[in-house]
Amino acid sequence: MKSALVATFQDFRRILGVCPCCGEVFRLTDLMIAYRAKPAVTWLDSLEADEGRQQRVEDRFAEDEQRIRELAKERGRRALPRLLREAEPLFACRGYFAHDVKPLFDPVDYIVFDGMNASPAVTRIVLFDGPALGHARERVQRSIQRALEAGNCEWKTVRMGKDGRIQPERGR
């Protein structure tokens, strides 16, 4: 059995009104009552205000983070030509065209798509790295070399969906 209060509120949903300004039909329970004096602040009002402040701070942080990321990308883009100019003699003396070289930096410094800009097709791909300055880097270089020599490499094409998920392309 329902309480009288619950029954009363359910009955209020059945009472309809018409807005004198716009003519829109509304339920009595949807009515926003305005008071002449400002009502006293409740704990819920304080909680909602705190949540609003926190949301504004988070939004500002997200904007700042995006701006900082964009600035870092731009600094990287500006520094890249200088790094490539400094490295160009290193590639030119080995017969590589500088525009075929793409910086990777980890786990190897560069990847060279030999012939990419000078001919219609890439003739070979070279992983180009400086001398190992530590045991860990040397181990990585040797493991990459062994994997390549053993033929443990393959080509995979992936597509990024509109939802951000990366899916391998099928049928190739």
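Ranking PHE26, PRO89, ILE166 by Cα position along the charge dipole of the chain, where only Lys, Arg, Asp and Glu carry charges on their C-beta atoms, puts ILE166 farthest toward the positive end. Rounded to the nearest 500, the 222 nm mean residue ellipticity of the chain from helices alone is -15500 deg cm²/dmol, with -39,500 (n - 2.57) taken per DSSP H run of at least 4 residues. Using the Kirkwood radius over C-alpha pairs as Rh, can you work out the diffusion coefficient of the range 101-172 via Stokes-Einstein at 37 °C, viscosity 0.692 mPa s, in µm² per second? Calculated translational D: 223 µm²/s. Taking Cα atoms, how many degrees apart are the long axis of helix 4-14 and the longest axis of the chain, rounded to 10 and kept between 0 and 90? The angle comes out near 70 degrees. When the Gaussian network model of the chain links Cα atoms closer than 10 Å, the mean-square fluctuations of ASP30, ASP64, ASP45 top out at ASP30. The GNM of the chain, with springs linking C-alpha atoms under 10 angstrom apart, assigns the highest mean-square fluctuation among TYR110, TYR96, TYR35 to TYR35. Annotation note: GluC sites (Glu not before Pro) in the range 1-95 located in DSSP loop regions with a Cβ neighbour count of at most 15 within 10 Å are GLU24. Karplus-based coupling profile of the range 142-155, in residue order and whole Hz: 5, 5, 5, 4, 4, 4, 5, 5, 7, x, 7, 9, 8, 9, with θ = phi - 60° in 6.51 cos²θ - 1.76 cosθ + 1.60 and x standing for Gly or Pro. Each residue of the range 42-59 was assigned a 3J(HN,Hα) from its phi angle through the Karplus curve 6.51 cos²θ - 1.76 cosθ + 1.60 (θ = phi - 60°); the sequence is 9, 4, 5, 4, 5, 4, 5, 5, 4, 4, x, 4, 4, 4, 5, 5, 5, 4 Hz, with glycine and proline shown as x.
Near the amide H of PHE97, within less than 5 Å, lie the amide hydrogens of GLY115, all on another chain or at least 5 residues away, with H placed in the peptide plane.
About the centre of its Cα atoms, the chain shows a dipole size close to 280 debye [charges on the beta carbon of Lys, Arg (+1) and Asp, Glu (-1) only; nearest 20 debye].
Mean sequence separation of contacting Cα pairs (under 8 Å, at least six apart), scaled by the length of the chain, corresponds to a relative contact order of 7 percent. Computed from backbone phi, the HN-Hα couplings of the range 62-75 come to 4, 5, 4, 4, 4, 5, 5, 4, 5, 4, 5, 4, 5, 4 Hz, rounded to whole numbers (Karplus: 6.51 cos²θ - 1.76 cosθ + 1.60, θ = phi - 60°; Gly and Pro given as x). Calculation over all alpha carbon pairs of the chain in 5 angstrom steps from 0 returns a P(r) of 1, 5, 7, 8, 9, 11, 9, 6, 5, 4, 4, 4, 4, 5, 7, 7, 2, 0, 0 percent.
Readers should treat all values here as calculations from the given coordinates under stated rules, not as data from a laboratory. Everything numeric in this text was worked out from a predicted model, so none of it was measured. No Cβ is skipped: glycine too gets one built from the backbone with ideal geometry, and neighbour counts run over all protein chains shown.
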